[in-house]
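Peer 1: Before anything else, here's the structure in question.
The values are calculated or read from the model by the stated rules, or taken from the named source; none is laboratory data. Note that the coordinates shown come from a computational prediction; the quantities given were computed from them, not determined experimentally. For neighbour counting, all protein chains shown are included, and Cβ atoms are generated from backbone atoms with ideal geometry for every residue, glycine included. Just the protein is used for accessible areas: all its heavy atoms, side chains included, with ligands, DNA and RNA removed. Shrake-Rupley method; radii C 1.70, N 1.55, O 1.52, S 1.80 Å.
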Amino acid sequence: MKRLLRVAAAVSATTLVLTACGSNSGASDDSDASASGVITADDCADPDAATAEITDTLKVGWTAATSGPLADAVGNVIEGMEARFAVANEAGGIDGVKLEVIVKDDAFNPERAKANVGELIQKDKVDVLDTFGSGQVDAIADDQNDACVPLLFAQASVPAYRDIENFPWTTEYLPSADVEMAVVVEGLKKQYPDGADVALAVNQTESGQGIADGFKKAAEGTNLKIVAEEPLTDPKTAASTLKASGAQVLVDAGVTTDCLALTQAIARVGWKPETVIQPSNCADGATLYEPAGDAADGQQILRWLKDPANDEFKDDQAVQEYLEQTEANGADSPTNSYTVNGWAIADLMVDNFTRAAASEDGLSRLSIMEAARTQDYQPPMFIDGIKFMMSPTQSYGILAFKPYTWDAAGTTFTPAGEVIDISSSYE
Amino acid sequence: MELFLERLITGLTNGSIYALLALALVVVFRGTGTLNFAQGELALFTTFFAWWLTTESIPVWIAIIASLIAGFVLGALIERLLIRPVQRRNDMAVLIVALGLFTGLNSLAGLIWGSETKIMPSPFPNGIDDFVSVGGARLYFDALGVVGALVALMIVLTLLFRYTRVGLHMRAVADNAESATLAGVRTSRILAIGWGLSGAIGALAGVLVTPLSPQQLGLTSMFHVFIAASAAALFGGLDSLTGAVVGGITIGVLEAMLTGYVSFIGGSLQQTSALFIIVAILFLRPNGLFGTKRLVRV
């Protein structure tokens with residue numbers, strides 16, 4: 001089915017962006033006019049269902065791996081979300097509408113994710129969907145777009161689903177590799193004004209290739225020269241080959257499981273590049289850096305979330321409230337980055353639901369999606385100065401990062417500069 | 001030259017890891033005539049057990065010995081409670097039970113210990129400076145430890161199969177269980193010992209392998225090792241200890257060299273290309289390079 005997104009006329013769109021950019025933190029700009037007309041229910045399988053007002057309970061349906069190797073990570077995300085929703089429900093819900101989370105296990109199998117989403121839409125009648133994994137989004141995007149059930153803040157970063165025209169009812173939470181690598185290159189240009197040789201270690205998945213391609217694109221026209229590129233299938237073999245290149249900078253275009261492995265591999269071949277850049281998905285210091293000891297010292301990473309375990313945020317009011325509320329609402333690992341992510345995603349959803357409820361049409365799937373497409377909001381657990389920004393012309397969400405380096409002696413990340421914001425390039 | 005040596009050492013280390021688990025597969029096959037598809041996950045389970053003991057402040061060597069005992073008991077129990085009842089019916093049922101164990105043991109480990117990556121301490125010195133230099137390449141003591149364990153295990157198993165009554169009985173049962181029983185061999189006991197022994201060897205492989213593994217200790221740590229170990233065992237003919245070791249090291253070195261020197265193969269085809277070469281060898285020699293040719297009386 002052909003899906004139509006009626007992007008507002010150029011003047012209206014510009015107005016929307018300018019309006020959205022006006023806010024700093026707290027709730028997104030809640031102008032009703034900014035949301036209406038961005039998206040339509042005309043081509044939905046059941047347009048009336050998409051515009052029907054949600055009363056009593058708003059159901060968020062998850063398909064994710066609650067069994068298998070990713071079960072802990074997914075479990076923490078969902079616990080973070082449930083804790084944030086519990087806080088919202090205690091405060092009266094969304095104009096009296098209570099929030100509920102329904103979870104179905106897909107064992108990280110996209111086929112099961114597709115079946116789960118069919119059940120969540122048809123049987124459980126969920127109002128919003130969420131998922132964990134690029135394969136999952138691939139499997140469910142067509143179905144949820146046909147049914148016009150918003151898939152909000154999917155834990156994935158696949159470029160295809162940032163296409164508003166083809167997937168108007170889908171948004172992703174994780175930062176785009178292109179955006180992240182553009183920020184990395186900005187940082188490297190400042191660190192090496194005369195240029196530098198760069199080695200790329202690339203995971204042979206869509207995620208890894210996306211990071212590598214993002215870096216190459218961002219490095220074009222700069223004096224950063226890619227002198228070696230190796231697959232991360234065997235990190236030890238990759239480390240030997242990359243070491244021989246003599247590069248000053250090593251960029252890990254990998255997934256979470258590669259971070260510690262590559263660090264240990266380069267240490268064991270006796271290579272200490274001047275600069276090692278880890279991807280933002282390698283955010284957990286305790287499991288991905290601390291076991292490597294001195295070998296991980298000085299590695300750089302970009303972050304957007306406050307780390308509740310980091311002394312930098314020990315006096316931060318949002319972090320203190322987060323820790324109190326997650327503990328009070330049964331989250332097992334409040335300092336785990338996945339739990340923080342779950343809380344932040346729920347926070348973004350609550351912002352959307354609140355604005356949707358305040359709109360002329362009231363709280364409906366359509367108004368929720370309209371709100372999601374015009375979001376300009378800084379969740380309190382985002383680092384100050386970093387917002388989640390969506391507009392009819394871009395759906396990248398996170399367009400700013402703060403650089404950190406790993407301090408092996410202190411076993412913590414330390415700030416390595418101010419927030420780098422490239423949102424002006426995507427307006 | 002330094003780069004070549006680094007790749008060679010990586011290949012030999014990985015190959016020794018594959019060979020350790022391949023030996024466990026060969027022991028089951030020699031003792032019972034069965035390929036144990038759950039071998040990798042059995043090793044994973046006992047490694048999680050050893051890791052858990054170390055978190056309870058138990059020294060790593062004692063944790064390893066405890067995991068070897070646990071591996072033996074678990075292997076023997078699996079044979080007694082799950083394999084034996086179905087083996088009487090047909091061999092296919094044994095394969096299905098083993099596949100069930102593959103997923104069951106993995107899920108059980110996840111249920112008990114969680115799915116987050118664990119750091120299994122190495123029984124050998126494994127700091128960044130714990131190496132000897134060979135032509136500029138680094139040969140780490142923990143990698144040497146794995147090679148040493150492999151050599152020691154080979155010697156023990158060779159002595160067991162050649163010079164002990166249990167070893168003789170295991171060979172007899174694998175060759176023809178009915179004839180062995182008629183000759184007075186307590187077949188059921190021998191089968192349990194065979195599975196128990198392979199469980200213990202797998203446990204040894206697991207605790208030595210995971211500190212060296214890029215993935216450390218997680219629910220997927222043993223998957224690739226098991227695939228490569230199976231290929232190594234097949235390469236050697238399934239019933240040859242020497243063949244398993246040669247097969248494991250061949251695959252390890254091939255993987256490292258192909259990834260390093262054949263750029264168009266790259267990472268995505270690295271494992272496939274190594275297995276392709278194994279299949280080619282098996283095509284030319286169906287019993288593997290070291291396998292015993294089976295004779296059928298007509």
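Peer 1: Before I look further, what does the stretch A:104-193 give for accessible area per residue, probe 1.4 Å, in whole square angstrom?
Peer 2: Numbers: 3030 Å² over 90 residues.
Value for the stretch A:104-193: 34 Å² per residue.
Peer 1: Mind listing, in residue-number order, the residues in the stretch A:279-298 that have at least 20 Å² less accessible area with every protein chain present than in their own chain alone (1.4 Å probe)?
Peer 2: A:THR287, A:PRO291
Peer 1: While we're looking at this one, here's another question. For the stretch B:190-217, list whatever residues lose no less than 10 Å² of accessible surface once every protein chain is in place, relative to that chain by itself, with the probe at 1.4 Å.
Peer 2: Flagged in the stretch B:190-217: B:LEU212, B:PRO214, B:GLN215, B:GLN216.
Peer 1: Restricting everything to alpha-carbon atoms, can you work out Rg to Rh for the stretch B:156-217 with a Kirkwood hydrodynamic radius? All intermediate terms of the calculation are to be shown ahead of the outcome.
Peer 2: Working: Rg = 15.3 Å, Rh = 13.1 Å.
With Rh from the inverse mean 1/r over Cα pairs, Rg/Rh is 1.17.
Peer 1: Work out, step by step, the length gained on full extension between A:ASP42 and A:ALA115: first 0.36 nm times the residue separation, then minus their alpha carbon distance; give nm to one decimal.
Peer 2: Numbers: separation 73, 0.36 × 73 = 26.28 nm, distance 2.54 nm.
Result for the pair: 23.7 nm of gain on full extension.
Peer 1: Continuing with this model, one more query. So what's the convex hull volume per residue for the Cα atoms of the stretch B:1-78, in Å³? Mind showing how you got there, number by number?
Peer 2: Numbers: hull volume 9.4 nm³, N = 78.
Hull volume over Cα atoms, normalised by residue count, gives 120 Å³.
Peer 1: Buried by at least 20 Å² relative to the chain on its own: which residues of the stretch B:226-266 qualify, computing accessible area with a 1.4 Å probe on protein heavy atoms?
Peer 2: Hits at the 20 Å² cut-off: B:THR259.
Peer 1: Which length gain, in nm to one decimal place, applies between A:ALA52 and A:GLU186 when the Cα-Cα distance is subtracted from 0.36 nm times their residue separation? Mind showing how you got there, number by number?
Peer 2: On the way: separation 134, 0.36 × 134 = 48.24 nm, distance 4.61 nm.
So the chain would gain 43.6 nm between A:ALA52 and A:GLU186.
Peer 1: Can you list the lysines whose alpha carbon is less than 21 Å from that of A:LYS114, not counting same-chain residues fewer than 8 positions off?
Peer 2: A:LYS2, A:LYS59, A:LYS104, A:LYS123, A:LYS125
Peer 1: Here is a follow-up. Could you order A:ARG373, B:ARG165, B:ARG186 so the one with the most accessible surface comes first? Probe is 1.4 Å. Don't jump to the answer; show the numbers that get you there.
Peer 2: Numbers: A:ARG373 0, B:ARG165 180, B:ARG186 155 Å².
Ranked from most to least accessible, the order is B:ARG165, B:ARG186, A:ARG373.
Peer 1: With a 1.4 Å probe, what is the total accessible area buried between chains A and B, in Å² rounded to the nearest 100? Display every interim value, and only then the final one.
Peer 2: Details: alone 16910 and 14510 Å², together 29120 Å².
By this definition, chains A and B bury close to 2300 Å².
Peer 1: If you scale each eigenvalue of the Cα gyration tensor by 5 and take the root, what three semi-axes come out for the stretch A:119-197, rounded to whole angstrom and sorted largest first? If you can, show how the numbers build up before the last one.
Peer 2: Numbers: eigenvalues 256, 23, 16 Å².
Computed over the stretch A:119-197, the values are 36, 11, 9 Å.
Peer 1: Now for a different question. Per Stokes-Einstein, at 10 °C and 1.306 mPa s, what whole-number D in µm² s⁻¹ belongs to chain A, with the Kirkwood radius over Cα pairs as the hydrodynamic radius? Spell out each step's value before the answer.
Peer 2: Values: Rh = 22.0 Å.
Taking Rh from Cα pairs, D becomes 72 µm²/s.
Peer 1: Here's something else I'd like to know. Looking only at Cα atoms, what is the convex hull volume of the stretch B:2-284 per residue, in Å³? Walk me through the numbers on the way to the answer.
Peer 2: Working: hull volume 38.7 nm³, N = 283.
In the stretch B:2-284, the Cα hull volume divided by residue count equals 137 Å³.
Peer 1: To continue, here is another question. Taking the Cα centre of the stretch B:2-284 as origin, sum charge times position over the Cβ atoms of Lys and Arg (+1) and Asp and Glu (-1), and report the length of that vector in debye to the nearest 20.
Peer 2: On the way: 13 positive and 14 negative charges, 192 e Å.
Charge dipole of the stretch B:2-284: 920 debye, to the nearest 20.
Peer 1: Comparing A:ASN145, A:ASN76, A:ASN109, which has the greatest mean-square fluctuation in the GNM of chain A with Cα pairs linked when under 10 Å apart?
Peer 2: A:ASN109
Peer 1: In whole percent, how big is the carbon plus sulfur part of the accessible area of the stretch B:2-284, probe 1.4 Å, protein atoms only?
Peer 2: Working: 8090 of 11700 Å².
Of the solvent-accessible surface of the stretch B:2-284, carbon and sulfur hold 69 percent.
Peer 1: Okay, next question. What is the spin-label model distance, in nm, from B:VAL151 to A:GLU427 if the labels are put 7 Å beyond Cα along the C-beta direction?
Peer 2: Distance between label points: 7.0 nm.
Peer 1: Please list the three semi-axes, largest first and in whole Å, of the ellipsoid equivalent to the stretch A:78-235, using sqrt of 5 times the eigenvalues of its alpha carbon gyration tensor.
Peer 2: The three semi-axes for the stretch A:78-235 are 38, 19, 14 Å.
Peer 1: How much accessible surface does A:ARG355 have with a 1.4 Å probe, in Å² rounded to 10?
Peer 2: About 20 Å², rounded to the nearest 10.
Peer 1: Continuing with this model, one more query. At q = 0.05, 0.11 Å⁻¹, what base-10 log of I(q)/I(0) does the Debye formula yield for the protein assembly as shown when every alpha carbon is treated as an equal point scatterer in vacuo?
Peer 2: With one equal scatterer per Cα and no solvent, log10 I(q)/I(0) is -0.29, -1.16.
Peer 1: Using only alpha carbon pairs under 8 Å that are at least six residues apart, calculate the relative contact order of the stretch B:2-284 and give it in whole percent. Walk me through the numbers on the way to the answer.
Peer 2: Working: 449 pairs, mean separation 107.9, N = 283.
Normalised by residue count, the contact order of the stretch B:2-284 is 38 percent.
Peer 1: Take the stretch B:5-147, compute every pairwise Cα distance, and split them into 10 Å bins from 0; I just need the percent in each bin.
Peer 2: The calculated distribution, bin by bin, is 10, 32, 32, 19, 6, 1.
Peer 1: What whole-number value in Å² describes the accessible area per residue of the stretch A:219-345 for a 1.4 Å probe?
Peer 2: That works out to 36 Å² for each residue.
Peer 1: A further question on this structure: Lys/Arg Cβ at +1, Asp/Glu Cβ at -1, dipole of the stretch B:2-284 taken about the Cα centre: which of B:VAL173, B:LEU241, B:ILE17 is farthest positive-ward?
Peer 2: So the residue we want is B:VAL173.
Peer 1: Among A:GLY342, B:PHE131, A:GLY133, which residue has its Cα furthest toward the positive end of the charge dipole of the protein assembly as shown, with +1 on Lys/Arg Cβ and -1 on Asp/Glu Cβ?
Peer 2: B:PHE131
Peer 1: Here is a further query. Taking the Cα centre of chain A as origin, work out the dipole magnitude from +1 charges on Lys and Arg Cβ and -1 charges on Asp and Glu Cβ, in debye rounded to 20. Don't jump to the answer; show the numbers that get you there.
Peer 2: Details: 29 positive and 67 negative charges, 205 e Å.
Charge dipole of chain A: 980 debye, to the nearest 20.
Peer 1: From the residues A:LEU232, A:GLY285, A:GLY270, which one has its Cα farthest along the dipole of the stretch A:200-305 in the positive direction, the dipole being from +1 and -1 charges on Cβ of Lys/Arg and Asp/Glu about the Cα centre?
Peer 2: Among A:LEU232, A:GLY285, A:GLY270, the one farthest towards the positive end of the dipole of the stretch A:200-305 is A:GLY270.
Peer 1: Can you tell me what the convex hull of the Cα atoms of the stretch A:254-370 projects to on average, as an area in nm²? If you can, show how the numbers build up before the last one.
Peer 2: Numbers: hull surface 39.5 nm².
One quarter of the hull surface, i.e. the mean projection, equals 9.9 nm².
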